[in-house]
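The structure appears below as C-alpha cells.
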Amino acid sequence: MKVPFLDLGASYRELKSEIDTAISRVLDSGWYILGPEVEAFEAEWAEYCESNHAVGLANGLDALILALRALAVGPGDEVIVPSNTYIATWLAVSAVGATPVPVEPDPATHNIDPDRISAAITPRTKVLLPVHLYGQPADMDPILKLARKQNIAVVEDAAQAHGALYKNKRIGGHGDIVCWSFYPGKNLGALGDGGAITTNRADLADKVQVLRNYGSRVKYVNEVQGVNSRLDPIQAAVLRVKLKHLDEWTDRRRMIAGAYSENLKDSGLILPRVPDWADPVWHLYVVRSPERDALQKHLEEAGIGTLIHYPIPAHMQDAYKSLGMADADFPLASQLADEVLSLPIGPQMLPNDITIVNNQITLGASL
C-alpha cells in the first residue's frame, strides 16, 4: 500500500526507545500479573479522563460485560444500544443474558439519536448504552437527563473516544461507568489486547475490581463468581508511555481530518459533521457515498487502504437471527452500512499521504 489505512509499526518505531525501556522495566520487576505497573496506569488514566477511578481489564468487550454485571444487569433486562455500532456493544448485553434494544442514529453524526431513545424504553430497561462512535462524543446531556428521570443507569462505550471532549469535559465520567478498549488500532492502543473502565462511583469500581480477579479481593476467598480479566502489566507499561503522547497524536489526527474536510468539501461525498459541543479525536474519518464500493475499489487500486465501519449492521448478523429483525426495521443503520467508508488516518501519516488520498478521491469522483 502507498498509503496504509493505519501503520501500527510506525507508531511503535516512533516511541521504540521509550516502549522498550518500559517493557524491560516490567520484565526486570518479576511482577507479571496486576501489581504496581497496572496500578500506576489506572491512576494516570483516571486522572486523564477526569474520573475518580479506573480499573484495568483484559479487553474492551470484558469492560462492557463487567460494567453491566456490576450494575446487576441480567436475564429479563433490556439495554438500549445503538443500531449503528460495532457488534461488541450488543455482544456484551447478550453475554449477561439481557436483551439489546436498538435505537437508530442521528444521520448527521452516526451516533445514537437521543430523541429516539424514549420510545424504546420499557419497564424492563435497565441501562442506556450510548457509543462514542468514530471518536466523536454522543450527545450525553439529553441521554443522562432521560436516564435520571427514569432511574436507568448509563454505561458509555468509549472504545473509540480516548481524549474526546463533550462540552469541554473529557469523556470518562459522564455516565455511571465508561468502558474502554486499548486494542492496538485505537487512539491509545496497546501492543495486544487491553481494556478498562472509568467511573466516579467507588462502589462500581470496587465491584469491577473483584469481578476481574475471579470474584476475589483476598487470595482464595471468592465473594462472587468472577472471571479472569486483568490488564497485563507489560501492556500497562506500554500504555503509560503512549498516554504521554496521546494529546500530540490526537492533534495530528485533527490536522489530517481538517485537511480532508477542506480538500474534499466539493468532492460530492458526505463528510463528517461535528456539533459545536463536541471535540472529537478522529479515531476514524468516515465519509458517505452511494457509490461507496466503486470508490473503495478505485482507492485500493491506487494503493490506498480503507475500511468499512461497519459492512453488516448488528441486527442483520447471523449472531442475532434469533431476534427476528429485518433489514428494514432499522433503515438508517442499513443505509450507513451500504454507504460509509473510513479513510486512512493515523498520527504517523505524512502530508504527502494526505495529498495522495485527496487527489485519488477527486480523480475517482470524476471517473
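Need pairs with beta-carbon distance below 9 Å; first residue under 24 Å from residue 270 (Cα atoms) and within segment 100-124, second surrounded by 14 or more Cβ atoms within 10 Å (Cβ to Cβ) and aromatic (Phe, Trp, Tyr); sequence gap 6+ or separate chains.
103/330; 104/330; 109/134; 110/134; 111/134
Hey, which of the strands (runs of 3 or more DSSP E) in segment 164-224, taking only ones fully inside, have at least 2 residues that are crowded, with 18+ Cβ neighbours inside 10 Å and either at pLDDT below 95 or not acidic (Asp, Glu) (or both)?
Here the list reads 177-181, 195-199.
Conditions (1) within 22 Å of residue 187 (Cβ to Cβ); (2) of a type in the set (Lys, Arg); (3) more than 25 Å from the chain's Cα centre (by Cα), marked per residue:
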| residue | (1), (2), (3) |
| --- | --- |
| 307 | yes, no, no |
| 310 | yes, no, no |
| 315 | no, no, no |
| 337 | no, no, no |
| 355 | no, no, yes |
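Only one residue in 338, 276 is within 19 Å of residue 112 (Cα to Cα), open to solvent by 80 Å² or more (accessible area, probe 1.4 Å) and outside any helix (DSSP H, G or I), so which one is that?
Exactly one residue qualifies, and that residue is 276.
For segment 30-53, what are the residues that are of a type in the set (Asp, Glu), in contact with a helix residue (DSSP H, G or I) (Cβ under 7 Å, 6 or more places away or on another chain) and open to solvent by 30 Å² or more (accessible area, probe 1.4 Å)?
Taking segment 30-53 as the starting set, the residues that turn out to be of a type in the set (Asp, Glu) are 37, 39, 42, 44, 47, 50.
Checking which are in contact with a helix residue (DSSP H, G or I) (Cβ under 7 Å, 6 or more places away or on another chain) leaves us with 37, 44.
Within segment 30-53, just 44 meets the criteria.
Surrounded by fewer than 19 Cβ atoms within 10 Å (Cβ to Cβ) and over 23 Å from residue 109 (Cβ atoms): is that true of residue 297 in this structure?
Yes.
Considering only segment 137-153, I want to know if a residue exists there that is within 17 Å of the chain's Cα centre (by Cα), surrounded by fewer than 24 Cβ atoms within 10 Å (Cβ to Cβ) and on the phi > 0 side of the Ramachandran plot.
no
Checking residue 203 against (1) farther than 13 Å from residue 67 by Cβ; (2) free of Cβ contacts under 8 Å to residues at least 40 places away in the same chain: exactly one of these is not met. Which one?
(1)
Quick one: count up the residues across segment 225-253 that are touching a strand residue (DSSP E or B) at 6+ places or on another chain (Cβ under 7 Å), open to solvent by 10 Å² or more (accessible area, probe 1.4 Å) and either farther than 17 Å from residue 58 by Cβ or assigned to a helix (DSSP H, G or I) (or both).
0
Has segment 312-319 got any residue that is within 21 Å of residue 1 (Cβ to Cβ), among the acidic types (Asp, Glu) and open to solvent by 30 Å² or more (accessible area, probe 1.4 Å)?
Checked segment 312-319: no residue is within 21 Å of residue 1 (Cβ to Cβ), among the acidic types (Asp, Glu) and open to solvent by 30 Å² or more (accessible area, probe 1.4 Å).
Okay, residues lined up against (1) more than 30 Å from residue 38 (Cα to Cα); (2) in contact with a His (Cβ under 9 Å, 6 or more places away or on another chain); (3) modelled with pLDDT under 95:
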site: 249; (1), (2), (3): no, no, no
site: 252; (1), (2), (3): no, no, no
site: 256; (1), (2), (3): yes, no, no
site: 269; (1), (2), (3): yes, no, no
site: 275; (1), (2), (3): yes, no, no
site: 281; (1), (2), (3): no, yes, no
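Which one is least open to solvent (accessible area, probe 1.4 Å), of the residues in segment 10-19 that are more than 10 Å from residue 238 (Cβ to Cβ) and not hydroxyl-bearing (Ser, Thr, Tyr)?
So the residue we want is 10.
Given the structure, is residue 122 within 23 Å of residue 227 (Cα to Cα), of a type in the set (Ser, Thr, Tyr) and either surrounded by fewer than 18 Cβ atoms within 10 Å (Cβ to Cβ) or out of contact with any Gly (no Cβ under 7 Å at 6 or more places or on another chain) (or both)?
No.
The values are calculated or read from the model by the stated rules, or taken from the named source; none is laboratory data. Quick caveat: nothing in here was measured; it's all calculated off a predicted structure. Note: ideal-geometry Cβ built from the backbone for every residue, glycine included; neighbour counts use all protein chains shown. Ligands, DNA and RNA are excluded from the accessible area calculation, which covers all protein heavy atoms including side chains. Shrake-Rupley method; radii C 1.70, N 1.55, O 1.52, S 1.80 Å.
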